[in-house]
Amino acid sequence: MQKLYTNIIQIVGDVITVEAENVGNTEMAQVITRRGTSLAQVIRLDGKKVFLQVFAGSRGISTGDKVKFLGHPMRVATGASLLGRIFNGSGLPLDNGPALYDNLVKIGGPPVNPVKRIIPNKMIRTGIPMIDVFNSLVESQKLPVFSIAGEPYNELLASIATQAEVDIIILGGMGLKYDDYLFFRDTLEEHGALSHSIVFMHTAADPVVECLLVPDISLAVAENYALEGKRVLVLLTDMSNFCDALKEIAITMQQIPSNRGYPGDLYSQLAARYEKAVDFDTAGSITILAATTMPGDDVTHPIPDNTGYITEGQFYLKNGVIEPFGSLSRLKQQVNAKTRDDHRTIMDTMIQLFADYRETQEKQAMGFQMSSWDMKLLKYGKLFEDNMMSLRVNVPLEKALDRGWDILHDCFSPEETGIKKSMTDKYWPDNNENKTYSG
Amino acid sequence: MTAPRKGRVTKISGNMVTVRFDSPVMQNEVAYILHGAERLKSEIIRVRNNLAEMQVYEATSCLKIGEEVEFTGELLSVELGPGMLGQIFDGLQNPLPEVARQCGFFLKRGVYIKALSDTEVWDFTPLVKTGDTVRAGDKIGFVQEKIFRHYCMVPFSLRGSFEVVSVENDGRFTIRQAVAQIKDPNGRMYPVFLSQHWPVKIPIRSYAEKLKPDKPLVTRMRLIDSLFPVARGGTYCIPGPFGAGKTVLQQLTSRHAEVDVVVIAACGERAGEVVETIKTFPTLTDPRTNHPLSDRTVIICNTSSMPVAARESSVYTAVTIAEYYRQMGLHVLLLADSTSRWAQAMREMSGRLEEIPGEEAFPAYLESRIASFYERAGVVRLHDGSTGSVTIGGAVSPAGGNFEEPVTQATLKVVGAFHGLSRSRSDARRYPAIDPLISWSKYKSFIDEKQKERGHGILRKGFDIVQMMKVVGEEGTSLSDYVDYLKAEFFDFVYLQQNAFDTVDEATPKERQIYVFDFIYRILESEFIFENKDAALHFFQLLRQLFKGWNSSPWQSEEFEKTEKEIRVHLLERLKKG
């Protein structure tokens, strides 16, 4: 069974071709070289020719090296022993702990039957007002964070990871700088979140093939927990690196590129991962937050474009804040009616006024005269930016709503907000309390 | 053709498998790859020498070179018969609830379940008697399926005329029991069952003639029905960038459109959206029939993470089911969301076949495939004189929201109406986000032509004035231009936009549309007197508010009439006398 094959007939990019028989598609293999053993995966079969993508890269592989087929597709250990551990893209430990082989499951498993899904209805609180109040994150949602290089998207993901009310957090890092990896590790540790986290980390220095495995391996583990009734949050960063890895392998395999060099099945490949987000009928759930850096801040680039068609909304992270316009949680309607009765009112009113503020800012920039209403808006906008939008703000939803009322109270009279009277009667802050934000 | 013809796998690349064969094979023939106990369905899409290239409707992991393949000699077919309404199928017509019962949470590879129940019994009533002459598509009898008479028809595949040899009396039958025997002039006998099979990629043509689509299909969306109407048996497309509301628009249409049967093809889109339809339709009542909406709906669901090849076939499965109900003299609406995913599935396959790519790597036959799909829509006169129709509405998801891309362009060439969604309208929360300045329709609206033209005119004028105001500012705009701009905004706000969360406003019946459009037409034609722009703005703001209340009061209710009076009073104040 464990026959060794030595006739490597082609090495192109990270893909090697070996002549072998009785090999299954997507089966795993070991490539044994002088410098060590690497895992590899079958990606194409043509007669006797077996095409393998080598996880450690093809550098240093000799045509005389040995290939051993393992007779099973890529698998990953699952279960409680993974908690608090850090692995690489092939599932090998990075944290000096032992390698794990418990409850192995195949990665990239079959899709969920749509009739076994339920309509999402549970909110995930993150403590970030721009999410909780304005674009609530919902269990089983798949949401990308659209951003550009240099923006603090990893900081945002880390702070969601440490605050989100979920059972388990799985972090899949793709093409991260080593510093970013350390940042994630330290942040999770500091906040005591590492004990219910699992990290699969591919850094920029690691071979590109491993990058491709990170989403699948993370989601396979997540799925296993979800089936046990756990609520799992999967954080993937940065999905653009995953797409670029796909592109690299596709070109190596001489596939015809469709748009800007990306393979024609980019949509299906991304969908196969994002659609793993699920709220199981009678079991747990998987929620996916994924950072996607947009090359050149261009939302029509194939990566954000295809992502946008798959995901249920998006967060735009721009100039260090979650931009209220353009950001959208498509599922927020499912949950924000049953949090507090003023939730939707605050959400709509504050955004509307903020839009007015932006217009006033433009007018101001063009040198128009400011009316007294404009002055009110300018004051409001500043308070909103400092006390709601800033990523440093970290308050529970109810506090954030109260804060919203306080800001409105500081800037406007109840009628000026356009809010229904019954609502202002109930929530408009008392003048005597004297909690102002304009100090 | 006694022993099954066989072949062996020689190449595996993604979901494409090449097979060596030595007995004849047929293009588009279905074959099964035998992998241990699993049988994986596939379809031959190209034959070269003694190699057949097949797309596999399943994941191909673990398949090996040399594994056996069994050819079936049949084209990819669906089973058509009673029991489809209210059902949820995948792209290959496997009933998903039954799959869930057998396999649990996941879609297990190689599990195929009969689309229709073998054991369910139906009350059959015959319509023909022994000795009658019949031909393909003629009605032998009927059973009651939900709210419809589901006719049992002579198989569409038979050619020529036949004599009814025997037919069962009223009684209870399963779809596996023959309800009649017919014979051809040579005396060959054919049984007729309650159900029949039909290859999905071939249109059903058992009708007398195809007619011109000239009756409007009322969707109860004012913007569509009044300005960009769709005809029964016509075609239309809804392209739009992500987040512009394509799916919501289709969901609303599937609820309110005045048709008998709605077939929803969820093709390569989010599972979450299908789940919403699956879970809410059984709980929503169709106001016209007082039955759950699901009773008149068939859902074909091949979401984005399900196998790509089955995605390609899912739109054909859907249109075949639509054609089948059309053969009963019903009006069917097929909503495909999204045809871009279907086109991408073709592109993926084409890439694997290493065909020479066309624009954006789509295959060269993209246009003809899209054209022949939309051509399956139409109104037909059946042999018994009744008419039935299939209307096709396809959502398109253009890459980057750019309508210049090949799928949108190929679709625009063949459809009768274009409802283009725009990001700017959806950003401004103007729903439905169909942009009236770029959309068009070749079908006739039930709104008076002159009035409709006036509506289009004021929108164009309003847009021009807005552009001008951006340069010269409000101060530099003349009062009459400013009033035109306000009229255009008013028309947009109170008529084109519809509130999907308001139970009355979300659907406007035809009579009300005609009435209100006429009312608005007269406002657009009227001349008002204002001393300045502020007065005009204030007047239209109030008018808008009154209209919003009017829109959400039930048709011809007391409230409706009361608000109408208020509006008239408000108008009189500023109306130029004479």
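The values are calculated or read from the model by the stated rules, or taken from the named source; none is laboratory data. None of the values given here were measured: they were computed from a predicted structure. When we count neighbours, we look across all protein chains shown, and the Cβ atoms used for this are built from the backbone with ideal geometry, even at glycine. With ligands, DNA and RNA removed, areas are computed over all heavy atoms of the protein, side chains included. Shrake-Rupley method; radii C 1.70, N 1.55, O 1.52, S 1.80 Å.
Under 6 Å by Cβ, and 6 or more places apart or on different chains, what pairs join a residue from the range B:237-256 that is within 14 Å of chain A (Cβ to nearest Cβ) with one that is small (Gly, Ala, Ser) and in a loop (DSSP other than H, G, I, E, B)?
B:PRO239/B:GLY420; B:ALA244/B:ALA433; B:GLY245/B:ALA433; B:LYS246/B:GLY240
Of all the strands (runs of 3 or more DSSP E) wholly in the range A:33-81, which have at least 1 residues that are touching a Phe, Trp or Tyr at 6+ places or on another chain (Cβ under 8 Å) and away from chain B (no Cβ under 14 Å)?
Where strands (runs of 3 or more DSSP E) fall fully within the range A:33-81 and carry at least 1 residues being touching a Phe, Trp or Tyr at 6+ places or on another chain (Cβ under 8 Å) and away from chain B (no Cβ under 14 Å), they are A:36-46, A:66-73.
Return a yes/no flag: does the range A:322-338 have any residue that is of a type in the set (D, E, K, R) and either at pLDDT 95 or above or over 20 Å from A:MET239 (Cβ atoms) (or both).
Scanning the range A:322-338, I find at least one residue that is of a type in the set (D, E, K, R) and either at pLDDT 95 or above or over 20 Å from A:MET239 (Cβ atoms) (or both), so the answer is yes.
Go through (1) farther than 27 Å from B:SER254 by Cα; (2) away from chain A (no Cβ under 11 Å); (3) aliphatic (A, V, I, L, M) for B:VAL390 and report which single condition fails.
B:VAL390 satisfies all of (1) farther than 27 Å from B:SER254 by Cα; (2) away from chain A (no Cβ under 11 Å); (3) aliphatic (A, V, I, L, M) except (1).
Within the range A:195-204, identify whether any single residue is free of Cβ contacts under 8 Å to residues at least 40 places away in the same chain and over 20 Å from A:ARG125 (Cα atoms), and answer yes or no.
yes
Go through the range B:410-438 and report how many residues are farther than 20 Å from A:ASP348 by Cβ, part of a loop (DSSP other than H, G, I, E, B) and of a type in the set (A, V, I, L, M, F, W, C).
Residues flagged as farther than 20 Å from A:ASP348 by Cβ, part of a loop (DSSP other than H, G, I, E, B) and of a type in the set (A, V, I, L, M, F, W, C) within the range B:410-438 amount to 3.
Of the numbered conditions (1) in contact with a Leu (Cβ under 6 Å, 6 or more places away or on another chain); (2) buried (at least 23 other Cβ atoms within 10 Å of the Cβ), B:LEU293 satisfies every one except a single condition; which is it?
Every condition holds for B:LEU293 apart from (2).
May I ask you to say which residue of A:ALA40, A:ALA56 is of a type in the set (Gly, Ala, Ser), outside the structural domain of A:ASP186 (by TED's automatic domain parsing), open to solvent by less than 10 Å² (accessible area, probe 1.4 Å) and touching a residue at least 12 places away in the same chain (Cβ under 8 Å)?
On inspection, the qualifying residue turns out to be A:ALA40.
Limited to the range B:288-310, what total is found for residues that are without any contact (Cβ under 8 Å) to a residue 40 or more places away in the chain and in a loop (DSSP other than H, G, I, E, B)?
Of the residues in that region, 5 qualify.
Being assigned to a strand (DSSP E or B), open to solvent by less than 50 Å² (accessible area, probe 1.4 Å) and within 14 Å of chain A (Cβ to nearest Cβ) narrows it down to one of B:GLU53, B:GLU43, B:GLU58, so name that one.
B:GLU53
Can you tell me how many residues in the range A:139-169 are of a type in the set (D, E, K, R) and in a loop (DSSP other than H, G, I, E, B)?
Final tally of qualifying residues: 4.
Are there any pairs with C-beta distances below 7 angstrom linking a residue in the range B:161-174 that is farther than 19 Å from B:MET189 by Cα and among the small types (Gly, Ala, Ser) to a residue that is modelled with pLDDT of 95 or more and surrounded by 15 or more Cβ atoms within 10 Å (Cβ to Cβ), with the two at least 6 apart or on different chains, and if so which?
Here the result reads B:GLY171/B:PHE124, each pair linking the range B:161-174 to a residue that is modelled with pLDDT of 95 or more and surrounded by 15 or more Cβ atoms within 10 Å (Cβ to Cβ).
Only residues that are more than 17 Å from B:LEU421 (Cβ to Cβ) and hydroxyl-bearing (Ser, Thr, Tyr): list them for the range B:212-230, please.
Of everything in the range B:212-230, just one residue is more than 17 Å from B:LEU421 (Cβ to Cβ) and hydroxyl-bearing (Ser, Thr, Tyr), namely B:SER226.
Since B:VAL332 meets every condition but one in (1) open to solvent by 10 Å² or more (accessible area, probe 1.4 Å); (2) in contact with a helix residue (DSSP H, G or I) (Cβ under 9 Å, 6 or more places away or on another chain); (3) more than 14 Å from chain A (Cβ to nearest Cβ), which condition does it not meet?
Among (1) open to solvent by 10 Å² or more (accessible area, probe 1.4 Å); (2) in contact with a helix residue (DSSP H, G or I) (Cβ under 9 Å, 6 or more places away or on another chain); (3) more than 14 Å from chain A (Cβ to nearest Cβ), B:VAL332 violates only (1).
In the range A:102-115, what residues are within 7 Å of another protein chain (Cβ to nearest Cβ) and either open to solvent by 50 Å² or more (accessible area, probe 1.4 Å) or under 20 Å from B:GLY14 (Cα atoms) (or both)?
A:GLY109, A:PRO110, A:PRO111
Just for helices (runs of 4 or more DSSP H) wholly inside the range A:245-348: which have at least 2 residues that are facing chain B (nearest Cβ under 8 Å)?
The helices (runs of 4 or more DSSP H) meeting that bar are A:266-274, A:302-310.
If I filter the range A:358-366 for residues that are of a type outside the set (S, T, N, Q), on the phi < 0 side of the Ramachandran plot, touching a residue at least 12 places away in the same chain (Cβ under 8 Å) and in contact with a Ser or Thr (Cβ under 7 Å, 6 or more places away or on another chain), do I get at least one hit?
no
Name the single residue that is farthest from A:ALA283 (Cα to Cα) among those in the range B:69-91 being within 14 Å of chain A (Cβ to nearest Cβ) and open to solvent by 20 Å² or more (accessible area, probe 1.4 Å).
Restricting to residues being within 14 Å of chain A (Cβ to nearest Cβ) and open to solvent by 20 Å² or more (accessible area, probe 1.4 Å), the top hit is B:GLY86.
On the given criteria, is B:ARG347 touching a strand residue (DSSP E or B) at 6+ places or on another chain (Cβ under 7 Å), in the same structural domain as B:ALA257 (by TED's automatic domain parsing) and surrounded by fewer than 16 Cβ atoms within 10 Å (Cβ to Cβ)?
Considered against the rule, which asks whether it is touching a strand residue (DSSP E or B) at 6+ places or on another chain (Cβ under 7 Å), in the same structural domain as B:ALA257 (by TED's automatic domain parsing) and surrounded by fewer than 16 Cβ atoms within 10 Å (Cβ to Cβ), B:ARG347 comes out as no.
If only one of A:ARG35, A:ARG59 is over 16 Å from A:GLN10 (Cβ atoms) and modelled with pLDDT under 90, which one is it?
One residue alone meets the criteria, A:ARG35.
Among residues belonging to the range A:116-138 that are within 12 Å of chain B (Cβ to nearest Cβ) and in a loop (DSSP other than H, G, I, E, B), point out the one that is surrounded by the most Cβ atoms within 10 Å (Cβ to Cβ).
Applying the filter and picking the extreme gives A:PRO120.
Residues are listed down the side, and each one gets a yes or a no for (1) within 14 Å of chain A (Cβ to nearest Cβ); (2) outside any helix (DSSP H, G or I); (3) within 20 Å of B:ILE392 (Cα to Cα); (4) not β-branched (Val, Ile, Thr):
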position	(1), (2), (3), (4)
B:TYR325	no, no, yes, yes
B:ALA343	yes, no, yes, yes
B:GLU348	yes, no, no, yes
B:GLU360	yes, no, no, yes
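Would you mention how many residues in the range A:380-407 are free of Cβ contacts under 8 Å to residues at least 60 places away in the same chain and either touching a Phe, Trp or Tyr at 6+ places or on another chain (Cβ under 9 Å) or buried (at least 19 other Cβ atoms within 10 Å of the Cβ) (or both)?
Counting residues in the range A:380-407 that are free of Cβ contacts under 8 Å to residues at least 60 places away in the same chain and either touching a Phe, Trp or Tyr at 6+ places or on another chain (Cβ under 9 Å) or buried (at least 19 other Cβ atoms within 10 Å of the Cβ) (or both) gives 10.
Among the residues of the range B:547-563, is there at least one that is in a loop (DSSP other than H, G, I, E, B), surrounded by 12 or more Cβ atoms within 10 Å (Cβ to Cβ) and in contact with a helix residue (DSSP H, G or I) (Cβ under 8 Å, 6 or more places away or on another chain)?
yes
For B:VAL134, work out the one condition from (1) surrounded by 19 or more Cβ atoms within 10 Å (Cβ to Cβ); (2) over 30 Å from B:ARG288 (Cβ atoms); (3) in contact with a helix residue (DSSP H, G or I) (Cβ under 9 Å, 6 or more places away or on another chain) it doesn't fulfil.
With respect to (1) surrounded by 19 or more Cβ atoms within 10 Å (Cβ to Cβ); (2) over 30 Å from B:ARG288 (Cβ atoms); (3) in contact with a helix residue (DSSP H, G or I) (Cβ under 9 Å, 6 or more places away or on another chain), B:VAL134 is out only on (3).
Of the residues B:GLY131, B:GLY66, B:GLY110, B:GLY104, which single one is small (Gly, Ala, Ser) and free of Cβ contacts under 8 Å to residues at least 24 places away in the same chain?
Going through B:GLY131, B:GLY66, B:GLY110, B:GLY104 in turn, the sole match is B:GLY104.
Go through (1) open to solvent by 30 Å² or more (accessible area, probe 1.4 Å); (2) assigned to a strand (DSSP E or B); (3) closer than 18 Å to B:ASP384 by Cα one by one and return the number of the condition B:ARG159 breaks.
Failed condition: (2).
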